[in-house]
Amino acid sequence: MQIESLKMFCDLAETESFTKAAQINEVTQSAVSQQISSLERQFKSVLIERSKKKFRLTREGQIMYDYSKQIIQIYDALHSKLQEIKDVISGTIRLATIYSIGLHDLPPYLKRYLRTYPTVNVHVEYRRANQVYEDVLGNVVDLGLVAYPSRDSKLEIIPLRKDRLVLICHPQHPFAKGKSIRLGALSSQKFIGFEPDIPTRKAIDRILKDHGIQVNNVMEFDNIETVKRAVEIDAGVSVVPQATVVQEVANETLAQVMIEDGEFYRPLAAIVKKNKVLSPAMKQFLVVLKGG
């Protein structure tokens with residue numbers, strides 16, 4: 001029995017998906033099935049209930065998972081400690097990020113990190129916020145990058161920085177003539193927003209509600225790039241993180257207007273599954289992300 005077989009079993013138990021377990025371990029679904037069957041033969045126990053309705057571990061499977069998880073954590077800690085002793089920073093980091101962070105906040109930090117540690121391979125997945133949490137909890141990725149992090153007893157949240165929210169509009173829009181504006185002016189405007197389940201949308205909704213403002217939502221999108229494109233064709237105005245419109249403002253395809261009613265910020269954070277053993281490569285990546 002190899003440690004890889006136990007890891008594959010734990011990945012399957014946590015993701016409840018042969019497809020995802022295969023993806024994590026970079027093998028075929030058939031290979032995952034073969035490894036599980038091999039473990040069952042070796043321990044003379046049925047580990048998974050074979051049912052098309054829902055994935056479920058048997059009693060023996062749950063015990064197998066609990067002990068295998070401990071073995072893998074000890075193995076990972078050993079491997080990490082040996083790397084630290086040898087001062088080796090290498091390996092692969094699997095990262096899931098929401099689109100706006102991945103496209104606008106992450107690149108300079110990633111470039112700096114890879115310049116310092118060229119032997120590390122950073123694999124980046126662009127996902128919706130809920131999918132980032134699912135991937136981290138399911139061990140599909142090592143860490144996630146999100147905005148407005150949600151508390152979860154199974155997650156460790158590592159605060160990174162805050163990005164100021166600003167109003168954006170077409171350069172020829174009346175709002176573009178001023179450097180700032182009060183939120184009340186949005187009441188009569190067409191508003192381009194994010195879809196309701198996106199954390200930034202929820203935060204903007206709370207800000208507007210707290211100030212007694214109702215906007216005319218004419219369009220809703222699931223990513224920042226589409227929101228910006230809609231504002232560029234003067235379909236409406238929007239409120240977005242300032243870091244996401246630096247290029248458009250510089251190119252004068254969008255105008256940025258500060259909000260007078262207060263300074264509103266979008267907090268960014270890294271999320272990691274609790275008790276996950278971080279390799280030296282992951283630890284240094286977090287140091288870079290925190291600006292260290």
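Every read-out reported here was derived from the displayed coordinates using simple, explicitly stated rules and does not represent laboratory data. Everything numeric here is computed off the predicted structure, so don't read it as measured data. Every residue, glycine among them, receives a Cβ derived from its backbone with ideal geometry; neighbour counts consider all protein chains shown.
In table form, for the structure just shown:
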quantity	calculated
The range 166-264: trypsin sites (Lys or Arg not before Pro) in DSSP loop, at most 10 other beta carbons within 10 Å	LYS179
Percentage relative contact order, the range 3-85, counting C-alpha pairs under 8 Å, at least six apart	28
Exceeding the 24 Å Cα-Cα cut-off - candidates LYS44/LYS81; LYS81/LYS273; LYS69/LYS274; LYS20/LYS274; LYS7/LYS54	LYS44/LYS81
Linear extension gain, LEU286 paired with SER45, 0.36 nm per residue minus alpha-carbon span	82.7 nm
Nearest-0.05 FRET efficiency for TYR126 and ALA250, computed from C-beta distance (R0 22 Å)	0.40
Residues in the range 123-165 that a label on PHE55 would reach, taking backbone N under 12 Å of a point 7 Å out along Cα→Cβ	135, 138-140
Within the chain, longest stretch clear of exposed GluC sites (Glu not before Pro) (DSSP loop, no more than 10 other Cβ within 10 Å)	27-251
Length-normalised contact order of the chain in % [C-alpha pairs under 8 Å, at least 6 apart]	23
Loop-located trypsin sites (Lys or Arg not before Pro) in the range 1-106, at most 13 other Cβ atoms within 10 Å (DSSP)	LYS44, ARG50, LYS52, LYS53, LYS54, ARG56, LYS86
Cα coordinate range in the chain, projected on the principal axes (Å, largest first)	74, 48, 30
Difference of contour (0.36 nm per residue) and Cα-Cα distance, TYR67 to THR92	6.5 nm
Whichever aspartates and glutamates have a C-alpha closer than 12 Å to that of LYS190, once near sequence neighbours (fewer than 8 apart) are set aside	GLU220, ASP234
Between the range 268-292 and the range 30-107, the Cα center-to-center distance that results, in Å	18
